[in-house]
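Let me begin by presenting the structure, written as structure tokens, before commenting on it.
The values are calculated or read from the model by the stated rules, or taken from the named source; none is laboratory data. The structure presented is a predicted model; accordingly, all values stated were derived computationally and were not measured. Cβ placement follows ideal geometry from the backbone for every residue including glycine, while neighbour counts extend to all protein chains displayed. Note: accessible area is taken over every heavy atom of the protein model, side chains too, but ligands, DNA and RNA are not part of it. Shrake-Rupley method; radii C 1.70, N 1.55, O 1.52, S 1.80 Å.
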Amino acid sequence: MIREKENRTNLVRWRPPPTGWLKANIDAAFRKEKGSGAISVVVRDNRGRIVLGFTGRIQANSSIAAEATAVRQAIIIVNNLQMGKTLIEYDNLKLIKAIKSKGSIGEISAIIQDIDMLMEQLPKKGLTWTPRNGNLLAHEIAKAAEIGTLHYNWSTQPPANIHSIIRSEIQFD
């Protein structure tokens, strides 16, 4: 039974947002031994084109704190740039449940409170979960940013591995 669920999850890939909406996929790469990592925010339109790409280095105490920081940064970007109707999608179900239920996860309760306040400023938005395969681009970008192999112009001139992911994800069914 577990193998069957894993196989279905592996079939999931990035899905475009509805027409007139944007989708911001986010992720974080975290190194516990260093207490640091990187976050990525990739905003795409309904045709899969990158509208905005962001990466940043962060300090964090855990992987969930790193991912919460990425969610907060995505909302700040969408709000500040007045991007309009935007879905924010990522692959941490525990975090998305805590945010949607206005719950708390001890070590990141302050970040969740920030996210809650920022979400109120975003008139048309949504938080959605996807398995890792549906968030592959943001995952690979965060990983490359964390190890320092990502160039500053990755969103307009993606390296071969990133370009390959983008191409595979815009081949809609």
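Below are the figures for this structure:
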quantity	calculated
Residue selected from the stretch 92-108 under the condition part of a helix (DSSP H, G or I) and of a type in the set (Gly, Ala, Ser), by the criterion nearest to the chain's Cα centre (by Cα)	Ala98
Residue match in the stretch 90-100 (condition: open to solvent by less than 50 Å² (accessible area, probe 1.4 Å), in contact (Cβ under 8 Å) with a residue 60 or more places away in the chain and closer than 17 Å to Ile26 by Cβ)	yes
Test: residue in the stretch 132-153 that is within 21 Å of Met83 (Cβ to Cβ), open to solvent by 40 Å² or more (accessible area, probe 1.4 Å) and either hydrophobic (A, V, I, L, M, F, W, C) or in contact with a strand residue (DSSP E or B) (Cβ under 7 Å, 6 or more places away or on another chain) (or both)	no
The lone exception for Ser63 - which of (1) modelled with pLDDT of 95 or more; (2) among the hydroxyl-bearing types (Ser, Thr, Tyr); (3) open to solvent by 10 Å² or more (accessible area, probe 1.4 Å) it fails	(1)
Thr55 vs. criteria touching a helix residue (DSSP H, G or I) at 6+ places or on another chain (Cβ under 8 Å) and either open to solvent by 20 Å² or more (accessible area, probe 1.4 Å) or part of a strand (DSSP E or B) (or both)	yes
Those residues of the stretch 144-173 which are in contact with a helix residue (DSSP H, G or I) (Cβ under 8 Å, 6 or more places away or on another chain), under 16 Å from Ala38 (Cα atoms) and not in a helix (DSSP H, G or I), in sequence order	Leu150, Trp154
Complete set of residues in the stretch 109-143 that are assigned to a helix (DSSP H, G or I) and among the small types (Gly, Ala, Ser)	Ser109, Ala110, Gly134, Ala138, Ala142
Members of the stretch 105-119 that are open to solvent by 80 Å² or more (accessible area, probe 1.4 Å) and either free of Cβ contacts under 8 Å to residues at least 12 places away in the same chain or hydroxyl-bearing (Ser, Thr, Tyr) (or both)	Gln113, Met117
Count of residues meeting criterion [without any contact (Cβ under 8 Å) to a residue 60 or more places away in the chain and surrounded by 20 or more Cβ atoms within 10 Å (Cβ to Cβ)] in the stretch 120-131	1
